[in-house]
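Single-structure report; data block below.
The values are calculated or read from the model by the stated rules, or taken from the named source; none is laboratory data. In this text, all values refer to a predicted model and were calculated from it rather than measured experimentally. Heads up, the Cβs are rebuilt from the backbone with ideal geometry, glycines too, and the neighbour counts pull from every protein chain shown.
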Amino acid sequence: MSDVAAIDQLVEKHNALTREIAKVIVGQREVVDQILLSVYTGGHSLLIGVPGLAKTLMVHTIAQTLGLDFKRIQFTPDLMPSDILGSEVLDQNRNFKFIKGPVFANIVLADEINRTPPKTQAALLEAMQERAVTITGQRYQLPLPYFVLATQNPIEQEGTYPLPEAQLDRFMFAIELKYPSVEEEIQVVKTTTNDEFPQVNALLDAGEILEIQHLVRRIPVPENVVSYTVKMVNSSRPGLETAPDFVKQYVDWGAGPRASQNLILAAKAHAAIKGKYSPDIEDVRAVSMGILRHRIIKNYKAEAEGISEEDIIRKLL
């Protein structure tokens, strides 16, 4: 099959996936699209939202429709790295045997990831970057495709441990979930207070997802789109002479090169699900908020004047 035909087929598959997910998840179409974009590109996503917005249910439903193995880890202050990665135990023959932890799955839901200390948060770093974990010097490959979808509650800060910048940068998207509209909430209440629960079907499998990831990487990108993306990310860095005045005034740290890479990858996938065979600057803009939101660190002046990361990103665009 040619890449053009494969992209046409991807559009159909994506639309079918969103319809299947909509059987359970009301609204949140933009959020679902961004999670699926991270799946199509092999990235990870951080879901930020208050309790009760179906973050966990959304991830579980998406895993079902993708036909992937799913594990959930509830992060707590007493969670240890071995609780995530697994550990060696002595069997009845007095031989050490490795018992795999919940990180060995296609989709790992790290629920309330900021509830656990940095030592345990860091246990996911190698898994997210290398798709492997090292235990007592032995390296174990994780199943492919592999995604970490983490959730974070932005309200409660007591007893939480903010994610270090190095780990935040490993997440392709930081996705904010907003409250549903009145009409959507009415539908949610109706569908969740009766005795029926809709069943979703697996529409893809691991092999097809890996093919989609290779397809996305083969999509050509015009030189002007790459140039626009890199210059835009570059302008977010306040230490450079070329940075705009508002960046020097309100930003402590700008986005790094991983932001440029993720913007191009996500723009390719975004173009593909829209039936386009190559991304343009509008595709880059469409994915910029989710990719830059957690990579631009504003300063105290921006905090005092009520300027958000989103305001800064809009100016950059």
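Scanning region 73-85 for any residue that is assigned by TED's automatic domain parsing to the domain that holds P198, on the phi > 0 side of the Ramachandran plot and out of contact with any strand residue (DSSP E or B) (no Cβ under 6 Å at 6 or more places or on another chain) turns up nothing. Determine which member of the set A150, A166 is small (G, A, S), touching a residue at least 40 places away in the same chain (Cβ under 8 Å) and closer than 30 Å to K23 by Cβ. Sole residue among the options that is small (G, A, S), touching a residue at least 40 places away in the same chain (Cβ under 8 Å) and closer than 30 Å to K23 by Cβ: A150. Restricting region 1-16 to residues that are within 16 Å of R218 (Cα to Cα) and free of Cβ contacts under 8 Å to residues at least 40 places away in the same chain, the residue that is surrounded by the most Cβ atoms within 10 Å (Cβ to Cβ) is Q9. Regarding Q152, is this residue on the phi < 0 side of the Ramachandran plot, at pLDDT below 80, within 14 Å of the chain's Cα centre (by Cα) and in the same structural domain as T76 (by TED's automatic domain parsing)? Criteria not met by Q152. With the requirement that a residue be touching a residue at least 40 places away in the same chain (Cβ under 8 Å), loosely packed, with under 15 Cβ neighbours inside 10 Å and out of contact with any Lys or Arg (no Cβ under 9 Å at 6 or more places or on another chain), what does region 221-253 give you? Of everything in region 221-253, those that are touching a residue at least 40 places away in the same chain (Cβ under 8 Å), loosely packed, with under 15 Cβ neighbours inside 10 Å and out of contact with any Lys or Arg (no Cβ under 9 Å at 6 or more places or on another chain) turn out to be P222, N224.
If you scan region 253-286, which residues turn out to be outside any helix (DSSP H, G or I) and within 15 Å of D169 (Cβ to Cβ)? Explain how you work it out, then say what you get.
At the first step, the residues of region 253-286 found to be outside any helix (DSSP H, G or I) are 253-256, 274-280.
Residues satisfying the conditions are W253, G254, A255, G256.
Across region 21-45, which residue is surrounded by the fewest Cβ atoms within 10 Å (Cβ to Cβ) among those that are in contact (Cβ under 8 Å) with a residue 60 or more places away in the chain and within 19 Å of E185 (Cα to Cα)? Filtering first and then ranking leaves K23.
Given the criterion assigned to a helix (DSSP H, G or I) and either of a type outside the set (S, T, Y) or under 15 Å from the mean Cα position of the chain (by Cα) (or both), identify the matching residue among L37, L46, L68, L53. I'd like the intermediate steps shown before the answer.
On the way: L46 fails: assigned to a helix (DSSP H, G or I); L68 fails: assigned to a helix (DSSP H, G or I); L53 fails: assigned to a helix (DSSP H, G or I).
After ruling out the rest, the residue left standing is L37.
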